[in-house]
1. Considering only segment 144-152, I want to know if a residue exists there that is within 20 Å of residue 222 (Cβ to Cβ), surrounded by fewer than 22 Cβ atoms within 10 Å (Cβ to Cβ) and at pLDDT 95 or above.
2. Tell me whether segment 208-230 contains one or more residues that are without any contact (Cβ under 8 Å) to a residue 24 or more places away in the chain, out of contact with any helix residue (DSSP H, G or I) (no Cβ under 9 Å at 6 or more places or on another chain) and not assigned by TED's automatic domain parsing to the domain that holds residue 50.
3. Tell me, please, whether a residue that is surrounded by fewer than 16 Cβ atoms within 10 Å (Cβ to Cβ), within 21 Å of the chain's Cα centre (by Cα) and farther than 28 Å from residue 313 by Cβ can be found in segment 157-175.
4. Under 21 Å from residue 253 (Cα atoms) and touching a residue at least 40 places away in the same chain (Cβ under 8 Å): which single residue out of 119, 97, 90 fits that description?
5. Scan segment 217-236 residue by residue and report those that are buried (at least 21 other Cβ atoms within 10 Å of the Cβ) and within 20 Å of the chain's Cα centre (by Cα).
6. Anything in segment 231-261 that is within 17 Å of residue 146 (Cβ to Cβ), touching a residue at least 40 places away in the same chain (Cβ under 8 Å) and in contact with a helix residue (DSSP H, G or I) (Cβ under 9 Å, 6 or more places away or on another chain)? List them, or say none.
7. Yes or no: residue 280 surrounded by fewer than 18 Cβ atoms within 10 Å (Cβ to Cβ), modelled with pLDDT of 95 or more and more than 22 Å from residue 315 (Cβ to Cβ)?
8. Taking into account only those residues within segment 60-73 that are under 24 Å from residue 256 (Cα atoms) and in contact with a helix residue (DSSP H, G or I) (Cβ under 8 Å, 6 or more places away or on another chain), which is surrounded by the fewest Cβ atoms within 10 Å (Cβ to Cβ)?
């Protein structure tokens, strides 16, 4: 029997455990929180072949001599210190329909809210002000998505159904039918100039850390809006506040921040043009996540490529 060790939210892990027991009893599923560490590392560590985590424990090679694959429970792996992992250990991020659907729903909600000027109307409500403003048709609103992986592509396909003019940017470029594609740093300025609503779905790497900054905001159309659903460290918060205060940006929806949670006195909390949600845009769904894990385990055991396996040199 192959052993899977799970180190993340225990309530969600209990659901994974029940599902696996029903559909894949050939795997033994153990939760980190159920282990007894009073006498050091449990003996079961020597049998662990697959590790499913948000944050991996230290000393993987020494503690888990039979470890074959490290799975992230999230859509990214920026929380891992990739340089500290065993060189030959495959690392796989979560790619599953529930996670994708959640992100599509959140970005669609945020984009429609910004498109229909909801931040302004909410401010007017607080001021008991009854005042309408001209409406822009979706066909005249340009939405740009940075990051064209599974989440970015699925989000763009949904946004196109509303009639938005859609643009996509990534470092290497990706063709998506109906989307104007831009690639590389040489085309970034042109992409930004075509983004009335900018969506960040980039992976967090050394190149993208701090990318949402004053220089980038200055390249957007005046009054543009931001939807930040990547990672908190993409954003330079002081630059965002300055861009909002001077009118270069009109509004921002932030689902991720740095740090998380924000300190109580952080200026982002009270800015009238900022909506904040507590990193809830998308979450793995137990049923579909377990199916995705099992599909990848089958691929690995049959010597086939796994969906979501990252290139450690790129960080995604």
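The values are calculated or read from the model by the stated rules, or taken from the named source; none is laboratory data. Predicted, not measured: the structure shown is a model, and the values here were computed from it. Positions of Cβ are backbone-derived with ideal geometry, glycine not excepted, and every protein chain shown enters the neighbour counts.
1. Looking for residues that are within 20 Å of residue 222 (Cβ to Cβ), surrounded by fewer than 22 Cβ atoms within 10 Å (Cβ to Cβ) and at pLDDT 95 or above, one finds none in segment 144-152, hence no.
2. no
3. Yes, some residue in segment 157-175 is surrounded by fewer than 16 Cβ atoms within 10 Å (Cβ to Cβ), within 21 Å of the chain's Cα centre (by Cα) and farther than 28 Å from residue 313 by Cβ.
4. Details: 97 fails: under 21 Å from residue 253 (Cα atoms); 90 fails: under 21 Å from residue 253 (Cα atoms).
Sole residue among the options that is under 21 Å from residue 253 (Cα atoms) and touching a residue at least 40 places away in the same chain (Cβ under 8 Å): 119.
5. 225, 226, 227, 228, 229, 230, 231, 234, 235
6. Residues satisfying the conditions are 253, 255.
7. yes
8. Restricting to residues being under 24 Å from residue 256 (Cα atoms) and in contact with a helix residue (DSSP H, G or I) (Cβ under 8 Å, 6 or more places away or on another chain), the top hit is 73.
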